[in-house]
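Here the structure is laid out as structure tokens; the discussion comes afterwards.
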């Protein structure tokens, strides 16, 4: 008789780890639950850090390289803490044609941030997306979950300045 595998202890007493563990338990700690487990970690903590990747790898009995590979392959996962405000610039065809690159250039000039970067003070994260599904509003941005259409660098930067200074 083969003894059951030994599961690693939770990384800390943080109750969010119990939610992550429940996801893995629901799937029998099977490797096919990797993506759902990573979603669970990111939903709970906001991002995937080294501790969480190691815990998931050990719990699902997967090589750390596979877990890291999946976490970095899919754009929905992030390995850095998110900023208090998230600005996602659409780079889909309609937005690109309507000069969404100027929005990214404006963000870079004003905040020194490019896609995938977060300000040192943690106030702002800049991301880009292949398409946010708002082609009729091109160029579109998703700012803290709200879709903003027909953006110019000036309108976007003014909106961001207001948000950052208000928080």
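For segment 41-77, what are the residues that are crowded, with 19+ Cβ neighbours inside 10 Å and over 20 Å from residue 18 (Cα atoms)?
Matches in segment 41-77: 71 only.
If you go through segment 153-167 one residue at a time, how many are surrounded by fewer than 14 Cβ atoms within 10 Å (Cβ to Cβ) and under 19 Å from residue 99 (Cα atoms)? If you could, list the steps in order and put the result at the bottom.
Residues of segment 153-167 that are surrounded by fewer than 14 Cβ atoms within 10 Å (Cβ to Cβ), as a first pass: 154, 158, 161-162, 165-167.
From what's left, under 19 Å from residue 99 (Cα atoms): 154, 158.
Residues meeting the conditions: 2.
Given 129, 123, 94, 86, which one is at pLDDT 90 or above and farther than 23 Å from residue 43 by Cβ?
Details: 129 fails: farther than 23 Å from residue 43 by Cβ; 123 fails: farther than 23 Å from residue 43 by Cβ; 86 fails: farther than 23 Å from residue 43 by Cβ.
From the options 129, 123, 94, 86, the qualifying one is 94.
Determine, yes or no, whether residue 82 is touching a strand residue (DSSP E or B) at 6+ places or on another chain (Cβ under 8 Å), in contact (Cβ under 8 Å) with a residue 24 or more places away in the chain and more than 30 Å from residue 29 (Cβ to Cβ).
Working: touching a strand residue (DSSP E or B) at 6+ places or on another chain (Cβ under 8 Å): yes; in contact (Cβ under 8 Å) with a residue 24 or more places away in the chain: yes; more than 30 Å from residue 29 (Cβ to Cβ): no.
It is false that residue 82 is touching a strand residue (DSSP E or B) at 6+ places or on another chain (Cβ under 8 Å), in contact (Cβ under 8 Å) with a residue 24 or more places away in the chain and more than 30 Å from residue 29 (Cβ to Cβ).
Of all helices (runs of 4 or more DSSP H) completely enclosed by segment 11-61, which ones contain at least 1 residues that are touching a residue at least 40 places away in the same chain (Cβ under 8 Å)?
Working: elements: 16-26, 34-45, 50-59.
Answer list for segment 11-61: 50-59.
Which condition from (1) at pLDDT 95 or above; (2) within 28 Å of residue 40 (Cα to Cα) is the one that residue 152 breaks?
Residue 152 satisfies every listed condition except (2).
Please go through segment 101-129 and pick out each residue that is out of contact with any helix residue (DSSP H, G or I) (no Cβ under 7 Å at 6 or more places or on another chain), farther than 20 Å from residue 79 by Cβ and buried (at least 17 other Cβ atoms within 10 Å of the Cβ).
Listed by number, the residues that qualify are 104, 107, 111.
The values are calculated or read from the model by the stated rules, or taken from the named source; none is laboratory data. Since we're looking at a predicted model, the values are computed, not measured. So basically every Cβ, Gly included, is an ideal-geometry build from the backbone, and we count neighbours across all protein chains shown.
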